[in-house]
Each structure stands twice: as structure tokens, then as C-alpha cells.
Amino acid sequence: MRILFILLLVLQFNFVKADEINYLLKIPNLETYNLKSKNGLKYLTTKKNFQIGAKNNISCEKLDKENLDNRYLLVKKNLDLYNKEFLNKINLRFIVLCQNLFISEINTAGIPDYKKRTLILDLMFNEKYFERVIHHEVFHLIQDSFPKIFNEEVWSNFNKKKFKYAECSTCTDKLGLDIYNNTNGFLTEYSKTIPSEDMAEVYSFIVTDKENIDQIKKIDPIIFNKVEFINSKIKEINNF
Amino acid sequence: MIKKIQASTGEKILLIFLILLAIISFLFYFTIKNKCLFVEKVDLQKINFPNTENIVVMNVECGKVIIELLPNLSPNSVERFKFFISNGYYDGSAFYRVIKDTLIQAGDLEYGNIENIDYYRVGSGKSNLGLINSEINNEFEFKAGSIGLVRDDVFNTEDSEFFILLKDVPLFKGEYTPIGKVIYGLDALAKIKSSDKTEYVLRPDYLSDFKLLKQYN
């Protein structure tokens, strides 16, 4: 009898309660937070923790209201830098706000999904990097939207000939996000993982720390080329 | 000699109460079973339609549903939708996906007909006419009664499936192709069978026929 009861309880809680947000985005347990931003972004948050993806390898948790309200302002301030037209070009419409975002047991600041026009953000990600990583994740959508423009082979040729990126961003322990004192072609340790992460790092510093990047450009010719590359390609997209 | 025992007043009241309870239970059993009892019936003869060209009529278990199509918003999608309707393609189409009090979905022409519903494949069927482009309208408000074409994760993947909203869903604005709105009979759609556990319904309700208004005349 007790086993039957437990079985019934398990069955009861294993069913995902369907709603219109899950219907649209295939992410359960969400609720709307703000649907009326000027640039058309629709902000959603978690009612409960959720798991999605192949073998439920992506998970994120519900935020408490105070953290949500405070960090949302930061997110909005940064995403308001993008206008509606640009966001349409890069296929970004939905922002999912949660905490403790993990993909395959690795904590991550954000997960962009070009196909579903969604960016999931961990609002409690390290405060030191939080604003910058928002733009880092936005860049991934930019690149996914214009893969030919942000050609990784061209990008890789900016580096010294001996340098080789890793096979993937998670198959290395180079995860540092602090800016180097001596850049030597790379702004952060994470830049060294793969070309797309390197581009995303450069882009995020251009947006959030322009003055510093302008100084680094003067003494690091590789960074100069990388910054010029990103700037020219972003202009190209704007004129697209 | 058997002594006759008189029932006390209390026992008589108890007996009457039990009989009344039995009658009420009996009535309620049949009332509740008839889910359409309180659904207002729509009489086509009593309605004056200003423009009959874009009026279609769906028959479901609880009555008729009158829909106005919106070709000014989505001309290609409405043209395709009318083609399916006028040729009887939707007749017997199951409401196999239902989010209680929120949305009902039907129109899988390949795997979603009630005569031969395929529970493993329903939702993935095609019409054989190919996919059509989304006709998104960024001003259209998806309110209760709004009808949209179903698509995959990406745009421009619409075919024959459609959904009808049972409540306002502002989130859908700019996300789906709007093709029409229910003008009468939304309460009949609210009675479509749903499941508390999942949005996919076993032994679903279905629309018995779907016609252009002019096909009734």
C-alpha cells in the first residue's frame, strides 16, 4: 500500500503542468515578468525550478522576489542598449530570468537559443562579471544569426601562428573571466577556449569597458585587429 | 400475532431525507454527465452576418461555433484554411492537445482524425500541400476566441494545424499567424475534453464538421 502511494505521488509530480508559455517556448514553470519593454523583449521568470534539454541537462532555479527585482533592473539597463530592429536581426525576443543556471553540471551565466529566440540568464551569476556576460551571451546570438560575417577562420588568423584554441569551450579549465594585465592577444583566460568565445569576450568588453579597450588596442596589435573586426562587422549588421 | 411497530417521527424524517437525497443524486448524475447542459445553443438563422464570405461554422459536441476569418491580416493563411474547410479536410479532426482553460489545438490532417488517430505521431502530420510562411501581425492581440496557426519552433512552418484560445494570452502577440476569431460559441469550446495531467488528451473530443457559412445555405 505504501509503495502504491509513493508511486502515485511520483506520478503526480512528474507531470509538467502545461501552460501557454511552455506551449510557446518549451520551458516549463515560467511566468511573465514584463512584456512591455520598448525594444520588444519579453521578460519571463520562474514559478518553480525547471529542467530542460536533452536528458534534462539544463537546469535553473526560482529566484526570490527581491533578487529578481534588483537584478532585473541591471539586465534591462544592459539589454535596453539594443533597439527592436537589431534584436529582430539577431533573433532575440524572450529573456528568462532565474538563478543557478547549469548546463551539464557546469554553472553558466547564460544560455542563448537562436532557434527559440530565447536567452536564459542566471541573475545570481558573479556580480563582478554579470553585466558584461549579458553582452557576451548576446554576441552568441549575433554570431548565430550571421555566421558567415563572423568567420572563425579569419578570426583565428589574428592570433600568433603557434596558438591553438581548445576543441570546445568546456573541454578546458581556462574559465577565468578577469581581464589580463598583459593581454598578449587575449583579453581573458576564457578567450583562449574557442574562437566564438574569444569574439564574445572582445564584444562584451567593447560594450561595457570601451575606454579600457581603446587603451589596450594601442599596445596590443592582435587585440587591435580583433576589436576592429568586431566593430566593422557590427556596423555591417546594422546596415544589413 | 405480529405486533405492528409504528415508525417514530424522527425515523419518518430520516426516510424522507434519504429518498430526497437519492432523487437529487440521480438528477445530478445525469446533469453533470451532460457537460453541454448549460452551453447556449447558437442558431444560425437568427444571426445577421455583415460579411458572410469570411464566416465559417464548426460543429463540436456542445454545439456550433461561429468563426470570423481575418484575411486582411493573413491572406495566404486564411486562403489555405478556407480550402481545407470547404473541402471537408477538418471533419473529424481531434482536439488532441488541450491546455485546460487556455487553449485547444486540432487540425492534424494526417494523424489527428478521430477515425484513425495515431497517438504516437499526432502533431507531426502534414497536409501534403507544403508549409506556408508565417503572417505575423505585431498589433493583433491574442484574446479569448483568437485563432492562430500552429507552427514549429521557427517561423514559416505553418500547415494545417490551428489553435483556439480560451483566455487572453498577451505573450502570443507577434508570435503566431492570426487567422480568425470566435464570434459565437466559445463556451462550447470550453467544454472540450482536457486532461489534468498532460496537454495531450487520450480519446479526445473532435469537431464533427467544419464548413463555410455559404455551404449551409
### Query
Do any strands (runs of 3 or more DSSP E) entirely within the stretch A:50-161 hold 3 or more residues that are under 28 Å from A:LEU187 (Cα atoms) and out of contact with any Pro (no Cβ under 9 Å at 6 or more places or on another chain), and if so, which?
A:94-103, A:110-113
### Message
Yes or no: the stretch B:172-186 includes at least one residue that is in contact (Cβ under 8 Å) with a residue 40 or more places away in the chain, in contact with a helix residue (DSSP H, G or I) (Cβ under 9 Å, 6 or more places away or on another chain), under 18 Å from B:VAL98 (Cβ atoms) and more than 11 Å from chain A (Cβ to nearest Cβ).
### Response
yes
### Task
Just give me the residues in the stretch B:141-157 being within 14 Å of chain A (Cβ to nearest Cβ) and either touching a Lys or Arg at 6+ places or on another chain (Cβ under 7 Å) or surrounded by 18 or more Cβ atoms within 10 Å (Cβ to Cβ) (or both), in sequence order.
B:GLU141, B:PHE142, B:ALA144, B:SER146, B:GLY148, B:LEU149, B:VAL150, B:ARG151, B:ASP153, B:VAL154, B:THR157
### Query
In the stretch B:125-142, is there at least one residue being within 19 Å of the chain's Cα centre (by Cα) and among the hydrophobic types (A, V, I, L, M, F, W, C)?
yes
### Summary
Pairs returned, first residue in the stretch B:37-58 that is without any contact (Cβ under 8 Å) to a residue 24 or more places away in the chain, second residue that is surrounded by 17 or more Cβ atoms within 10 Å (Cβ to Cβ) and of a type in the set (Phe, Trp, Tyr), beta-carbon separation under 7 angstrom, 6 or more apart or interchain, are none
### Query
B:ILE192: away from every other protein chain (no Cβ under 13 Å), within 18 Å of the chain's Cα centre (by Cα), assigned to a loop (DSSP other than H, G, I, E, B) and buried (at least 16 other Cβ atoms within 10 Å of the Cβ), yes or no?
yes
### Query
Checking B:ILE164 against (1) away from chain A (no Cβ under 11 Å); (2) surrounded by fewer than 18 Cβ atoms within 10 Å (Cβ to Cβ), which single condition isn't satisfied?
(2)
### Query
Among the candidates A:GLU127, A:GLU131, which residue alone is more than 14 Å from chain B (Cβ to nearest Cβ) and touching a residue at least 40 places away in the same chain (Cβ under 8 Å)?
A:GLU131
### Task
Scan the stretch B:96-140 for residues that are within 14 Å of chain A (Cβ to nearest Cβ) and either of a type in the set (Phe, Trp, Tyr) or under 20 Å from B:SER195 (Cβ atoms) (or both) and jot them down.
B:TYR96, B:ARG97, B:VAL98, B:ILE99, B:LYS100, B:ASP101, B:THR102, B:LEU103, B:ILE104, B:GLN105, B:GLY123
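Values in this text are rule-based calculations from the coordinates and carry no lab data. Bear in mind the structure is a predicted one, so any value in this text is a computation, not a measurement. Cβ sites come from the backbone with ideal geometry, for glycine too, and all protein chains shown count toward neighbours.
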